Amino acid sequence: MSGMTLMERLLLPLIRRFVSFWVRPSILPDSLVERFEKGRPVVYALEKRSIIDLAVLEYVCREKALPLPLAPVGSQPAGGGLPVSVLFLERRAGVLRMRIDRRIPQMLRDLSALAAADIAFEADMVPVSLFWGRAPDRERSWLRLLVAEGWDIGGRFRKVLSLLLNGRNLLVLFGDAMPLQSGQAETRGLPRGPRRLWRLRRAQFRSQRTATIGPDLSHRRTIVAQLLNTQLVRDAVREEMKSKEISRRDALKAARGYAKEVAANYSHSFVVFMSGVLGRLWNRLYDGVELANFSSLDSIEDGAEVVYVPCHRSHMDYLLLSYVVYHKGFAAPHIAAGINLNMPVIGSFLRRGGAFFLRRSFSGNQLYTAVFVRYVGIMMARGHSIEYFIEGGRSRTGRLMQPKTGMLAMTVRSYLRAPGRPVVFVPVYFGYERLVEGRTYINELSGRSKEKESVLTLLRAIPELRSRFGKVYVSFGEPLPLDPLIRRHAPDWTPTPSGSDDRPPWLTPLVKDLATSIMTRINAAACVSPVNLIGLAMLATPRHSMGEADLVRLLEVYASLMRRAPYSSKVWVTDLDGASMIRHGESLGILHRVPHELGDIMRMTDDSAILTSYFRNNSLHLLLMPSLLACAFLNNASVPRADLYRLAGRVYPYAADEYFLRWSESELPGVVDSLLEDLLNLGLLSASEDRSMWSRPPAETPEAVQLSVLSRATVPILERYYLAVSLLLKAGSGRITQQALERQCELMAQRMSLLYEMNAPEFFERAQFENFLDLSRARNVVTRGPDDMLLFDPVMMQAIVEDAQLVLHEQMRNSILQVVHR
């Protein structure tokens with residue numbers, strides 16, 4: 001190979017043999033052959049000059065049947081000074097070869113000249129990055145950690161150590177090919193042509209390295225200094241001086257204190273080490289980590305600013321997403337964590353793993369707000385992916401909570417101020433089969449105060465880690481680019497830096513639309529585990545008991561319905577049969593078997609029922625519409641299709657707001673028709689020939705029982721709505737405030753739960769009644785009058801009550817009315 005020193009020529013055959021014996025790299029992407037156009041010459045580009053990297057590339061190409069890197073370009077002979085099929089973008093100078101030579105490689109000049117001289121000549125330039133100590137799904141040790149890939153220059157001795165220690169812990173990443181002719185179309189034959197090619201390749205390598213190990217982050221002190229020097233923070237410092245009448249030194253000291261309180265202290269070495277620790281932790285806690293729809297992340301173009309927006313179920317979420325993303329070859333994200341987690345020792349570890357801290361409330365503190373907003377902006381400008389939970393806290397009920405839009409608004413404002421990298425939000429769904437915090441959640445929903453996080457609390461939770469927690473599921477939703485959403489709200493917007501922190505009038509509706517879209521896409525990527533299906537089935541029975549044979553059939557009907565009528569293309573459903581699901585539930589202690597001569601009975605204890613309601617709620621939205629339609633047949637043997645349309649139209653807006661359902665109201669008739677056909681195919685409904693009348697199965701059939709159990713999944717939701725409307729009618733128009741009505745709803749729901757043994761703490765959660773009344777006001781069903789009293793049309797409200805007769809049994813309605821009128 002031209003350009004190789006005599007020593008390199010002598011060492012290369014020896015290194016080849018050692019590499020073929022020792023190195024076992026992980027290679028991305030999986031479908032390499034598809035990236036190469038058949039018959040077109042390939043030129044591989046390596047970032048750094050290293051015969052070890054060259055030998056590894058040659059080994060990978062042989063294994064994958066790709067063009068070899070030392071072959072000549074096309075059919076040209078290797079002699080005569082023509083380039084061969086590999087080039088190094090970086091050269092070293094000096095006696096010890098530690099100084100970087102910034103000149104353009106001669107091989108790139110020769111290749112550019114060859115393409116300029118013959119326009120018919122074409123070749124693909126393919127960048128290949130090697131990340132030593134960065135392979136997915138490999139264990140790591142302290143010694144390997146010392147030579148893991150980073151942004152530092154390194155040297156030959158370190159490269160040899162990497163080969164020895166990380167030869168089986170290596171990631172080889174092939175980038176997108178760039179046709180040579182199109183790469184120099186604008187500079188063909190010009191002296192700056194090779195330089196443009198060189199800069200394009202270097203930028204591509206930087207993007208690959210940033211996406212894989214994270215950006216080149218300066219020391220934390222440097223970032224803090226950069227933060228304090230931004231215009232927004234300087235303006236806030238001046239305001240602080242005026243408002244508090246303090247010196248500039250004191251105001252800057254306060255700003256620096258805020259910056260240190262917020263800023264992460266990211267350490268790639270620490271992340272590498274912790275990935276091995278977490279791998280062992282997951283193996284001990286869980287039966288496996290199931291990953292779904294990761295291709296969603298692969299589809300995002302290089303150079304985009306990725307913002308992960310997962311649902312929040314557990315403290316494990318922080319660690320789990322970083323672990324999964326890192327082990328799939330992407331950089332671990334910076335995570336926005338609550339200041340309550342900034343505990344001694346723990347807070348320092350979290351900072352090194354990429355956590356930056358924020359207060360629960362900014363309380364009008366303009367200086368703190370400015371520091372935090374600009375910190376987020378700096379992280380985005382540097383290209384580091386970010387993660388935050390827009391629910392604001394962990395869900396105690398298993399349902400998605402209404403989003404808190406503060407972080408979203410800061411992200412959007414930072415982008416509008418300096419739109420550099422395109423921002424893409426990635427929704428992430430977490431699903432557990434058991435929660436470490438499960439018992440704590442139940443206590444909080446039952447009225448006990450929330451226990452503050454502390455080191456002592458963490459130590460008390462350690463014995464819980466000896467339990468078995470089943471599987472955990474991580475699913476990536478459809479990515480949501482920010483630019484198209486901005487243009488929908490502001491058609492004249494262009495991605496040019498404004499330098500202004502003004503809030504345009506369309507910002508608030510944009511952020512609200514963004515938040516709703518994210519939550520909807522999280523739910524659309526749900527994973528349905530056996531525990532979810534068991535909860536949906538068993539909690540719909542009066543005594544949480546069912547014959548084993550009946551339960552097997554019902555679980556399979558639910559799974560079949562979700563597969564036949566998938567809520568979205570990204571929903572994952574377990575492939576276990578009903579009997580296997582029951583065995584899984586028994587192994588986790590969720591189900592208990594009661595032997596009987598006529599067939600065993602499967603039952604849940606009261607404690608198991610309460611805890612399982614959390615996991616039922618994770619996937620309730622997937623069955624909500626089929627269950628709502630089934631409710632219409634509780635009191636009616638046959639129902640006209642027009643009544644089913646009216647029922648769906650009446651309830652859907654509130655259910656969609658509460659459960660973030662994905663259909664628009666205009667799509668409802670088509671959705672209802674499709675679901676009715678699926679219920680018909682499963683034998684749960686029958687229909688007239690023209691589909692204008694629908695009927696339930698005969699009462700003595702198993703299908704009638706299955707339809708009845710399916711309907712009960714949404715009965716508590718309808719009961720909550722009926723309770724709120726009944727209390728509003730009892731009070732009268734203009735006689736009660738929303739706050740007072742929410743309190744009455746909460747107390748009445750608690751009373752009903754006690755009287756009728758409803759083991760579902762979320763039934764009397766006040767936030768649900770608040771959301772219902774907020775949407776009622778937004779839809780002008782009720783309005784606010786003088787003194788914040790709620791006004792409504794009694795005739796319209798009475799029509800809603802009458803429609804409830806279609807779906808709620810008379811006994812249920814009477815029970816609610818008895819509680820209300822007492």
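Since only 117, 491, 511 are under comparison, the one whose Cα sits farthest along the positive direction of the charge dipole of the chain, derived from C-beta charges on Lys, Arg, Asp and Glu, is 117.
For the chain, the longest principal axis of the C-alpha atoms and the axis of helix 406-417 are separated by about 40°.
List, in the order given, every pair from 404/730; 328/570; 471/570; 64/471 whose Cα-Cα distance in the structure shown is over 24 Å. 404/730; 64/471, as the Cα separations exceed 24 Å there. Grab the beta carbon distance between residue 795 and residue 646, set R0 = 22 Å, and tell me the FRET efficiency rounded to 0.05. The formula returns an efficiency of 0.85 here. Only Lys, Arg, Asp and Glu carry charge here, each on its Cβ (+1 for the first two, -1 for the last two); on that basis the chain has a dipole of about 4440 debye about its Cα centre. Show me the GluC sites (Glu not before Pro) within region 574-670 that DSSP assigns to loop and that have at most 10 other Cβ atoms within 10 Å of their Cβ. Passing both the DSSP loop test and the Cβ count: 597.
Across the accessible surface of region 616-707, with the other protein chains kept in place and a 1.4 Å probe, carbon and sulfur atoms take up 51 percent.
Across region 738-753, the residues whose backbone nitrogen lies under 20 Å from the label position 7 Å along the beta-carbon direction of residue 777 are 738-747.
Amide H to amide H, with H built 1.01 Å from N, residue 337 comes under 5 Å of 356, 357, 358, counting only residues 5 or more places away or on other chains. Taking 0.36 nm per residue of sequence separation and removing the Cα-Cα distance, the residue 735/residue 18 pair yields an extension gain of 249.6 nm. If I fit a long axis through the Cα atoms of helix 606-631 and take the longest principal axis of the Cα atoms of the chain, what angle between them do I get, 0 to 90°, rounded to 10? The helix 606-631 is inclined about 80 degrees to the chain.
Given their separation in residues at 0.36 nm each and the Cα-Cα distance between them, residue 506 and residue 664 gain 54.7 nm when the chain is fully extended. Quick one: 3J(HN,Hα) in Hz for region 577-583, Karplus 6.51/-1.76/1.60 with θ = phi - 60°, rounded, Gly and Pro as x. So the J values, rounded to whole Hz, are 7, x, 5, 5, 4, 5, 4.
Solvent-accessible surface (1.4 Å probe) assigned to residue 548 amounts to roughly 50 Å².
Using 20 Å as the cut-off for backbone N distance, which residues of region 250-282 belong to the label zone defined by a point 7 Å from the Cα of residue 234 along Cα→Cβ? Zone members listed by number: 250-260. For Rg/Rh (Cα atoms, Kirkwood Rh), pick the label among [x] 1.07; [y] 1.15; [z] 1.02 that corresponds to the value derived from the coordinates. The value computed from this structure is option [z]. The angle between the Cα long axis of helix 548-564 and the longest principal axis of the Cα atoms of the chain comes to about 60 degrees, rounded to the nearest 10. Cα convex hull, region 666-822: 141 Å³ per residue, rounded to a whole number. Helical runs (DSSP H, four residues minimum) scored at -39500 (n - 2.57) apiece and divided by the length of the chain put the mean residue ellipticity at 222 nm at -15500 deg cm²/dmol. Computed from the C-beta positions of residue 637 and residue 673 and an R0 of 25 Å, the FRET efficiency is 0.75 to the nearest 0.05.
Between the beta carbons of residue 328 and residue 691, assuming R0 = 35 Å, the FRET efficiency works out to 0.15 to the nearest 0.05. If the chain linking residue 813 and residue 103 were pulled fully straight, counting 0.36 nm for each residue of separation and taking away their Cα-Cα distance, it would gain 247.4 nm. Amide H to amide H, with H built 1.01 Å from N, residue 49 comes under 5 Å of 90, counting only residues 5 or more places away or on other chains.
In the context of the full set of protein chains, the chain has a per residue accessible area of 44 Å² (1.4 Å probe). Close amide H partners of residue 125, meaning residues 5 or more places away or on another chain with modelled amide H under 5 Å apart, are 43, 178, 180.
The values are calculated or read from the model by the stated rules, or taken from the named source; none is laboratory data. Keep in mind it's a predicted model, so treat the numbers as computed, not measured. Cβ: placed from backbone, ideal geometry, glycine included. Neighbour counts: every protein chain shown. All accessible areas refer to the heavy atoms of the entire protein, side chains included, with ligands and DNA or RNA removed. Shrake-Rupley method; radii C 1.70, N 1.55, O 1.52, S 1.80 Å.
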